[in-house]
Amino acid sequence: MQPRALSRESFQAYEPMARRVASEHLELLRELPLVLCAVLLREVIDFDLRFPRERTAIESRLAFLEKIPEAERNRLTKGFADLSLSSELAGEDWVRFPHKFEEDLSAHLWASKQYDTFRSVATSFAREVDRATSPQQPEVPRWVVVVLGPELRKDDYPLFRKLRPHGVFFPSVDGAGGMTEIVGELSKRASSANVPYGHWYVDGGRPENTTNKGIHRFSWEESAALRAKVLEKVESVVGSGRGGPEMLRSAMATWSPQKQISMTGDLLVDRFIVSVYGEGSGTQVFSTTFVQWATRELLRRAEPVSVVARYGPRQKQRTLNEMFSATSAEGVFDPAGSLVDADFGAYSTWINLNRLAGSDNARFIAWSQAHRQAIAIGPDCPRGTEAPGGIDVGQLLRI
Amino acid sequence: MVFPSRCSSPGPLVWKRREFLRLASACTVNSVLLPSLPMRAAGSIGGKKVVVVTFGGGARDEETFGPDGHENIPWLLKTLLPQSTFFGQVVNRGILGHYVATTSLATGVYETFNNFSGVAPPHPTLFEYFRRDLRRPVHDAWLISPSNGFRNMGGSTARKYGPEFGASVLLPKQLLQAASPGHGAGSIDRLLRDTYEEPHISGGATGETELRQIENILRFSRDEFVQHALSMDSADELSVYVAHQLMLQVAPSLLWITLHDIDVAHSGAFSLYIDGIQRTDRLCVDIWKNIQANPEYSGKTTMFVLPDFGRDSDTDPGGNSFQHHRTGDAASRTTWMMVLGPGVREGVFVQRAVESIDLVPTIGKILGISTALAEGRVLSEVA
C-alpha cells in the first residue's frame, strides 16, 4: 500500500486520539514518502498513551510539514523518497503495524547497505524540523538529582570523573537526612509548579514516602509483579527463536499484560513503566539499568522539570562457574558494580538533560551517599572546580 | 532503529578521534607514524602460523585506547602495544551485528545475511582459502566460537569451497554441556543462550561430537574438563583455556578465537562492560604468552587482535551509548587492530583508515594463499 491510498478508514484500528490526529493530517500523510509516513504513524499510533509533551511535539511536526510549501516539503523529505524498498516491505500493513514495519525496515536498510543514508537523511530531517518547530521551553528551570544509594560503594573509585569538568565537585558532603531533604525539595517544586507529568521520582530499590499528588513515583520494588510478567513474555519471545533484539523490541512495544497491573493509578505512567521493562534491554534484570533507562526515557519523552533518580544495589552477575553449578545469585548484590553503573548513569542522565530545551538554566546534582561526594552543575556552578570544606545536602540543593 | 527526535548534543563532550590517534601513538615505543610501507615479500606457509583474536563483542575507543580507557587495558598497552604494529582507524562499513560482522571479518566481504539466522556465509572464509590452496588437513584450521549460533561461520556455501574446506569448530560452552549432562538444571540453558544477539540454530550439538572433541582432541577426561571449567569466571576464559589446550595438542596453523564477554554491555550495566574489557585485555596477553611458550608457535606466529566493531557514542541522540551498536555512527563503526609477530615492525602506529575486511587478504598474503573473492585490500604495513 502506498500513502496515496490512505483514507480515514485506514485508521479504524487506532485508539480515539490517535485516530483523530491521523485523520486530521490525512492529506499530509498521503503526500509523504512511504518510509517517513510509516515512521510518523509509529509515533501517532501510540498517541493516546503518550505524555502531553510528546503529543505536542508530534502535532507540531505534522503541522509544520503541512504548512510549508509543497516544494519545500519535497526537498525536506526527498531523502526518504529515494530509499529503495523491497516489494515485501512496501506490501506490509505498515498503517496498522508500524512497529513491525520499522523492525523490518531496519533489517532491510542494513542488508541493502542503505542504513548510513537513512541515518543521514533522518538526522538532517529531524534537525530541520526541530529548528523550525522550536521545542517548548520548561515552565520552571529543570532540576535533576541523581542519588547513589548508601549500599553502593567501591573504595578508591574516582566518582563523577566524566562530570567534574562541567561543574563543582564536593568532596565532603554531610548526608544526614539528605534523602528527606531531596524528596522534600521535589515536593515543594511539585506544589509550586503545576506541570502535568512534570515531577518524577524513580527509585532502584524501596522508595521514600511521597504524598504530594504532583509527584509521579515508581520503583524497582513496587513494580516487581509487572517485572515478572515482562520477563515471562521476554523469555517466550526470545525462546521462539524468530529473531533478534529488534523483533523483541517491537513485540514488546505492542505488548501489555493480559491482566492489567496498576502500579500508580495513572494509565500513562503505568504504560510508561511497561515500556521501560519491555523495550529496555537489561531493565528487567538489573535495577541499575532500570533506573538509568527509565530516567533517560523520562527526560526524552515526558520532558519533566523535576526528576529524582536514586540507584539501589543491583543483583550480582553470575559467573560461568555459578551458572554451571546452578548456584543462585538472587538476593546477592554487587555494591561495587552498582556504584560504577550508577556513576555512568549519572553522566548519561546529564547528557540527556542537555538535549532538552532550557538546558542552559538546568540544575543537576549527583550525590553518593556512601562516598559522601557530590557534583553540582548549573548556570551558577563554575566548571571544573572543587569546593573546599564540607557541605550538607540542604546547602547543596540551595546552590 | 531509533528515529532521532532531538539533534542537539553537548559538543565539547564528543570524543575526538584525532586525540585518540595522538594518544595511542604516544603509547607506542617508537611512535613511528607510517602512511603505508611494504612489509615483506609474499612467501609460502613455511611453518608460519596465524592466530586471530576478536576482541569482542564490540568495544569503544573510549573504554580502550582513549585516555579514560587506558586503565582498562593495561596488558594491551604495556605488553602488546610496544611489540605491535597498531592500526588506529579500522572502519567496519558492514552490518553492525556480531555474527554477521565476525563472519565478514572471516570472509573479507561485508556479508548481508540476517544477523540472527546463524547461516553459513555465501563467500569463502579464510579457513577455506587456507585449506584449499595449501591442501591443509582438516585439523590445521580451527575456529573457537562463543556459542552455538556462531558454529556455521567456519565454512561457506560458495562453489568450489564449502564446509569440506572449512575450519574445525570448537564450541567451549557446548563441550561443557556435553561433559556434564544434568548439571546446572535450568541455568545451563540460560548459559547456552546468554548472548543478547544470539543467532538461533536448531539442532547442532548432539553431545557425541563434543565428547569426542574433549577426549580425542583436547585430551581431557570429562571430569578433568569439568573441573577446569568450574574454576573459570566467564565463557571467554573457557574459550582461551580450550584454545591453549588445542595449541598444545593439535597446534593448528590457523586459529581463530572469537571472544564475546564484552557483549554483556547490552544488559546496560556499565561495570560489567568494563569488567569484560579488562578480562579480554588479560586474556589477549595470556594467548600471546601461550604462543611464546609453545615451541610449535614461538617465533613463527602472527597474531591479529581486533574488535569486530565499536559501540554507539554517548552523545548520539539516536543511540544508546555503550549499551548497543545500532546507530552506525563513527564510534560504532571505527575501531583498531593490533598485529604482532615475526617480521612485524614493533612500535609502529598506522594512522591511515583501513577496513575490517582487509584482514583476510592481509593474512592471505602472509600465508601465501589467494583470497580472490575477498573484497578487502592487503595491509602492506604488515604483509
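Let me know the whole percent of all Cα-Cα pairs from region A:1-159 that are separated by more than 20 Å.
57
With labels modelled as points extended 7 Å from the Cα through the Cβ direction, what inter-label distance (nm, one decimal) is found for residue A:90 paired with residue A:72?
3.0
Carbon and sulfur: what percent of region B:79-150's accessible surface (1.4 Å probe)?
48
For region B:94-111, in order, what is each residue's ³J(HN,Hα) by Karplus, 6.51 cos²θ - 1.76 cosθ + 1.60 with θ = phi - 60°, in whole Hz (x at glycine and Pro)?
x, 6, 8, x, 5, 5, 5, 6, 5, 5, 5, 4, 7, 9, x, 9, 6, 6
Mind listing the Cα extents of region B:42-152 along all three principal axes, in Å, largest one first?
44, 38, 24
Helix-only mean residue ellipticity at 222 nm, the protein assembly as shown, DSSP H runs n ≥ 4 weighted -39,500 (n - 2.57), per residue, nearest 500. What is it?
Rounded to the nearest 500, the figure is -11500 deg cm²/dmol.
What's the FRET efficiency of residue A:176 with residue B:215 using the Cβ-Cβ distance as r and R₀ = 51 Å, to the nearest 0.05?
Calculated value: 0.20.
For region B:234-383, take the alpha-carbon Rg, divide it by the Kirkwood Rh, and send me Rg/Rh.
0.99
Any idea what log10 I(q)/I(0) is at q = 0.11, 0.17, 0.23, 0.25 Å⁻¹ for region A:1-90, Debye with uniform C-alpha scatterers and no solvent?
The computed values of log10 I(q)/I(0) come out as -0.30, -0.73, -1.24, -1.37.
Could you work out which residue, out of A:297, A:70, A:279, moves most in a Gaussian network model of chain A, that is, has the largest mean-square fluctuation with Cα springs under 10 Å?
The residue with the greatest mean-square fluctuation here is A:70.
Report, by chain and number, residues whose modeled amide H sits under 5 Å from the one on residue B:302, excluding near sequence neighbours (fewer than 5 apart, same chain).
Counting only residues 5 or more places away or on other chains, the set is B:49, B:50, B:51.
Report, ordered by chain and residue number, the lysines lying within cross-link reach of residue A:233, taken as a straight Cα distance under 20 Å and ignoring same-chain residues fewer than 8 apart.
Output for residue A:233: A:100, A:259.
What does the convex hull of the Cα atoms of region A:143-397 come to per residue, in Å³, rounded to a whole number?
Per-residue hull volume (Cα only) is 138 Å³.
Pull up all non-local amide H partners of residue B:326: gap of 5 or more, or a different chain, and H-to-H distance under 5 Å with H placed in the peptide plane.
Under 5 Å from the amide H of residue B:326: B:312, B:320.
With only alpha-carbon atoms in the gyration tensor, what are the semi-axes of the equivalent ellipsoid for the protein assembly as shown, in Å, largest first?
Equivalent ellipsoid of the protein assembly as shown: 44, 31, 26 Å, largest first.
Using a simple charge model, +1 on the beta-carbon of Lys and Arg, -1 on the beta-carbon of Asp and Glu, nothing else, what dipole does the protein assembly as shown show about its Cα centre, in debye to the nearest 20?
I would put it at about 1180 debye.
Roughly how many nanometres apart are two label points built 7 Å out from the Cα toward the Cβ at residue B:377 and residue A:213?
Inter-label distance under the simple model: 6.9 nm.
Per residue of region B:128-135, in order, report the coupling 6.51 cos²θ - 1.76 cosθ + 1.60 (Karplus, θ = phi - 60°) as ³J(HN,Hα) in whole Hz, putting x for Gly and Pro.
5, 4, 5, 6, 6, 5, 9, 6
Which Cα, out of A:114, A:62, A:10, lies furthest along the positive dipole direction of region A:3-132 (beta carbon charges, K/R +1, D/E -1)?
It is A:62, whose Cα lies furthest towards the positive end.
Name the most mobile residue of A:219, A:106, A:236, meaning the one with the largest mean-square fluctuation, in a Gaussian network model of chain A with Cα contacts below 10 Å.
A:236
Which of A:156, A:343, A:174 moves most in a GNM of chain A, Cα contacts under 10 Å?
A:156
Full extension from residue A:357 to residue A:392: what is 0.36 nm times the residue separation minus their Cα-Cα distance, to one decimal in nm?
Result for the pair: 9.6 nm of gain on full extension.
Could you derive backbone 3J(HN,Hα) for region B:255-272 from the dihedral phi with the Karplus parameters 6.51, -1.76 and 1.60 (θ = phi - 60°), listing whole Hz in sequence and x where the residue is Gly or Pro?
With coefficients 6.51, -1.76 and 1.60, one gets 10, 10, 10, 9, 8, 8, 4, 4, 5, 4, 3, 4, 6, x, 8, 4, 4, 6 Hz.
Using a 10 Å cut-off on Cβ to Cβ distances, tally the other chain neighbours for every residue of A:276-285 and report the average as a whole number.
The per-residue average across the peptide is 3.
Express the carbon and sulfur contribution to the solvent-accessible surface of region A:3-132 as a percent, rounded to the nearest whole number, probe 1.4 angstrom.
For region A:3-132, the apolar C and S fraction of the accessible surface comes to 51 percent.
Starting from the 7 Å offset along Cα-to-Cβ, what nm value, one decimal, do you get for the label separation of residue A:59 and residue A:30?
2.3
Of the DSSP beta bridges with both residues in region A:143-397, give the percent that are antiparallel, rounding to the nearest 5.
If we restrict to bridges inside region A:143-397, about 25 percent are antiparallel.
What's the Cα-based Rg to Rh of region A:115-158, Rh via Kirkwood?
Rg/Rh for region A:115-158 comes to 1.31.
Loop-only trypsin sites (Lys or Arg not before Pro) in region B:56-104, please: DSSP not H, G, I, E or B, and at most 16 other Cβ atoms within 10 Å.
B:93
Using modelled backbone amide H atoms (1.01 Å from N, in-plane), which distant-in-sequence or interchain residues come within less than 5 Å of residue B:335's amide H?
Amide H neighbours of residue B:335: B:90, B:91, B:92.
Need one number: % antiparallel among DSSP beta bridges in the protein assembly as shown, to the nearest 5.
Approximately 25 percent, going by the DSSP bridge assignments.
Longer than 21 Å from Cα to Cα, which of B:300/B:365; B:48/B:78; A:162/B:78 are they? Say none if no pair is.
Checking Cα-Cα distances, B:48/B:78; A:162/B:78 exceed 21 Å.
The values are calculated or read from the model by the stated rules, or taken from the named source; none is laboratory data. Worth saying up front: this structure is predicted, and the values here are computed from it rather than measured. Backbone-built Cβ (ideal geometry, glycine too); neighbour counts: all protein chains shown. The protein model used for the area step is the full one, side chains on, heavy atoms only, and it has no ligands, DNA or RNA in it. Shrake-Rupley method; radii C 1.70, N 1.55, O 1.52, S 1.80 Å.
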